[in-house]
Amino acid sequence: MRTFSIRLTAGALLAVVGLGVQAAECRETKAVIDSTASLAANTAAGGHVSIHIAGQKTEVGKSQYANWAQFQALFQNWQANHDGKTPKPKSCGGSGGSQTDCIAIARLGGWQGTKARVCTKVDSSGNCTESRNITVAAVAFGYYNNSVETKGKWIMNTSYPSENADCSQ
């Protein structure tokens, strides 16, 4: 009986340690980082950050960065941020699901460059034809893992600037 108890405890410990190895901060997960290398890399991985980049096909009500470089700079600032404040970075692990880091713009070094905008009118091809500028309060970094769509890897699924502190659009 004692041998069984020791084996069960060791097995439970290995399971917990194994889960810890799989789960890492989403912003530090290799597949997430790979999916932010370029707009093409994000799309190929199954992400749709593109609808939040000016000049790309989008939808009414979607907020947009001025360009891919503006998104990348903010994500890199988030990766480098270790200020210990809340909210803490979300962890990505396991076989599926979604997580979102909603980060106040001040924690990302403030908004730099061309103003963000929200599309108010889109033509039949998905091009933003009318928009309004917004003052960004926070930025959302949305991570996703699905066995079919992302082939079981966590990716940067979406990211957008928000005029709302809770990242609502």
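The values are calculated or read from the model by the stated rules, or taken from the named source; none is laboratory data. All values derive from a computational prediction rather than experimental measurement. Here the Cβ positions follow ideal geometry from the backbone for every residue, glycine too, while neighbour counts run over all protein chains shown. These area figures cover heavy atoms from the full protein model, side chains too; ligands, DNA and RNA do not enter into them. Shrake-Rupley method; radii C 1.70, N 1.55, O 1.52, S 1.80 Å.
Overview of results
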item	result
Output for the range 22-57, where each listed residue is part of a loop (DSSP other than H, G, I, E, B) and either aromatic (Phe, Trp, Tyr) or more than 20 Å from residue 138 (Cβ to Cβ) (or both)	23, 29, 35, 37, 38, 46, 55, 56, 57
Test result for residue 95, within 17 Å of residue 144 (Cβ to Cβ) and surrounded by fewer than 17 Cβ atoms within 10 Å (Cβ to Cβ)	yes
Flag if residue 70 is open to solvent by 60 Å² or more (accessible area, probe 1.4 Å), modelled with pLDDT of 95 or more, in a helix (DSSP H, G or I) and of a type outside the set (Gly, Ala, Ser)	no
Contacts under 7 angstrom Cβ, first residue in the range 109-125 being of a type in the set (Lys, Arg), partner open to solvent by 70 Å² or more (accessible area, probe 1.4 Å) and not in a loop (DSSP other than H, G, I, E, B), 6 or more apart	115/133; 117/132; 117/133; 121/129; 121/130
Filtered residues of the range 102-122 (kept if at negative phi and out of contact with any Asp or Glu (no Cβ under 9 Å at 6 or more places or on another chain))	103, 104, 105, 106, 108, 111, 112, 114, 115, 117
Leading residue by the ranking (nearest to the chain's Cα centre (by Cα)) among those in the range 45-80 that are more than 23 Å from residue 90 (Cβ to Cβ) and among the small types (Gly, Ala, Ser)	69
Flag if residue 142 is at pLDDT below 95 and open to solvent by less than 60 Å² (accessible area, probe 1.4 Å)	no
Hits in the range 108-143 (condition: in contact with a helix residue (DSSP H, G or I) (Cβ under 8 Å, 6 or more places away or on another chain) and not in a strand (DSSP E or B))	108, 109, 111, 112, 113, 114, 136, 137
Test result for residue 84, touching an Asp or Glu at 6+ places or on another chain (Cβ under 9 Å), open to solvent by 30 Å² or more (accessible area, probe 1.4 Å) and not aliphatic (A, V, I, L, M)	no
All positions within the range 33-51 that are of a type in the set (D, E, K, R) and in contact with a Leu (Cβ under 8 Å, 6 or more places away or on another chain)	none
Tally, over the range 82-107, of residues that are under 15 Å from the mean Cα position of the chain (by Cα), in contact (Cβ under 8 Å) with a residue 12 or more places away in the chain and not in a helix (DSSP H, G or I)	15
Residue 159 open to solvent by 20 Å² or more (accessible area, probe 1.4 Å), in a strand (DSSP E or B), polar (S, T, N, Q) and in contact (Cβ under 8 Å) with a residue 40 or more places away in the chain	no
Evaluation of residue 60 against (1) free of Cβ contacts under 8 Å to residues at least 60 places away in the same chain; (2) in a loop (DSSP other than H, G, I, E, B) (one fails), failing number	(1)
